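Undergrad: The structure follows.
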Amino acid sequence: MTENELLDLLSGNLLYLLGALLLIIIALKGIRIVPQSQKFVVERFGRLHSVLGPGINFIVPLLDVVRHKISILERQLPNATQDAITKDNVLVQIDTSVFYRILEPEKTVYRIRDVDGAIATTVAGIVRAEIGKMDLDEVQSNRAQLISRIQESVESAVDDWGIEVTRAEILDVNLDQATRDAMLQQLNAERARRAQVTEAEGQKRAVELAADAELYAAEQTAKARRIQAEAEAYATGVVAKAIADNGIEAAQYQVALKQVEALNALGNGTGKQTIVVPAAALEAFGDAFKLLKGSK
């Protein structure tokens, strides 16, 4: 084999090798392996052609180009602070944080340039608008409701960008010093008012209890008097019945008994007593003793 033939053979083999190598390179260029956390945006002749999902994907080499590699992991915007004025004209500073992820990369890369900046601006405007609809007390007490409304408004605004807002948080609501001092004075006044109301209610309850006690005492006194009156009425009834049954002798017996009890009381007194008794009284006492002896 001559030298020229050898050179021709080597040249032919080299061409075959180069062709095979080119085919291998083209084949490798047509295979794209996309990680689980990403999506690839493919362009053909400068226009959107397809979006490659996670796994093995095939494209046309030299025609299709992977132009954008987009992460689909959830992202957090830097914490932002914006001023807002409430419905009752109070200036507040709202600290917010927003979490989002890209669902449709083809919309994100072709419709918006700075995604983070656009979302931050949108959130700031929505927060100011929502705060302006509420009083300061509502902002502080209904924070969950406010967050829900902000998230819904942000989701609606960024829907055309292929983005899902997963969370929107209000981290803090700050007030200027003058407003804080005014709120502190209002809080102290409210505490003083509650203390006065509590004291007044206590005094009212004490008066009510005292009145109830007096009413109870009056009821018990009246009850005792009623019982006493019933007893006296019963005794009178017994005497009246005795008189009706035994005639005048029963009445005289009762009078004689009272006269003897009176004499006993005078005799039991301390010191020396001189008792002047009329003659008629002596006769009455004598009759009384006779009745008493007769009764025995």
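Since every read-out is calculated from the coordinates, none of them should be taken as a lab result. Since the model is a prediction, treat every value here as computed from it, not as a measurement. Positions of Cβ are backbone-derived with ideal geometry, glycine not excepted, and every protein chain shown enters the neighbour counts.
Undergrad: What FRET efficiency would be calculated for the residue pair Glu199, Ser156, taking the C-beta separation as r and a Förster radius of 35 Å, to the nearest 0.05? Please list the in-between numbers first.
TA: Working: r = 53 Å, r/R0 = 1.52.
With R0 = 35 Å, the Cβ-Cβ based efficiency is 0.10.
Undergrad: Taking the number of other C-beta atoms within 10 Å as the exposure measure, put Phe40, Phe45 in order starting with the fewest. Walk me through the intermediate numbers first.
TA: Working: Phe40 21, Phe45 8.
So the ranking, lowest neighbour count to highest, is Phe45, Phe40.
Undergrad: Starting with the highest mean, order 191-202, 152-163, 22-33 by the number of other Cβ atoms within 10 Å, averaged over the residues of each peptide.
TA: Details: 191-202: 10.0, 152-163: 17.4, 22-33: 11.7.
Taking the mean over residues of other Cβ atoms within 10 Å, the ranking is 152-163, 22-33, 191-202.
Undergrad: Working only with C-alpha atoms, what are the Rg and Dmax values of segment 75-175, expressed in angstrom?
TA: Expressed in Å, the Cα Rg and Dmax of segment 75-175 come to 13.8, 44.
Undergrad: Over 18 Å apart: what share of the alpha carbon pairs of segment 12-114 falls there, rounded to a whole percent? Intermediate results must be reported in sequence, preceding the final value.
TA: Values: 3398 of 5253 pairs.
Taking all Cα-Cα pairs of segment 12-114, the fraction more than 18 Å apart is 65 percent.
Undergrad: Continuing with the same structure: Counting Lys and Arg as +1 and Asp and Glu as -1, what is the net charge of the other residues whose Cβ lies under 14 Å from the Cβ of Val115? Write out the running numbers ahead of the final one.
TA: Working: positive: Arg75, Arg101, Lys107, Arg111, Arg113; negative: Glu74, Glu104, Glu106, Asp114, Asp116, Asp159, Asp160, Glu164.
Around Val115, the surrounding residues sum to -3.
Undergrad: What list of ³J(HN,Hα) values in whole Hz, one per residue of segment 159-170 in order, does the Karplus curve 6.51 cos²θ - 1.76 cosθ + 1.60 (θ = phi - 60°) give from phi, with Gly and Pro shown as x?
TA: Values, residue by residue: 4, 6, 9, x, 10, 10, 7, 7, 8, 9, 10, 9 Hz.
Undergrad: Sticking with this structure for a sec: Over its Cα atoms, what ratio of radius of gyration to 2.2 N^0.38 Å does segment 186-235 give? Present the calculation step by step, with values, prior to reporting the outcome.
TA: On the way: Rg = 21.6 Å, N = 50, 2.2 N^0.38 = 9.7 Å.
Cα-based Rg divided by the globular estimate yields 2.22.
Undergrad: Moving to a separate point now. Which of the peptides 208-221, 87-100 is most tightly packed, and how do the rest follow, judged by the mean count of other Cβ atoms within 10 Å per residue? Could you put the intermediate results ahead of the total?
TA: Working: 208-221: 10.0, 87-100: 16.5.
Per-residue Cβ counts within 10 Å, averaged per peptide and sorted highest first, yield 87-100, 208-221.
Undergrad: In addition: Compute the Cα gyration tensor for segment 16-69, then decide on rounded, prolate or oblate, letting a ≥ b ≥ c be the square roots of its eigenvalues: rounded whenever a/c is under 1.5, prolate when a/b is larger than b/c in the other cases, and oblate in all that remain.
TA: oblate
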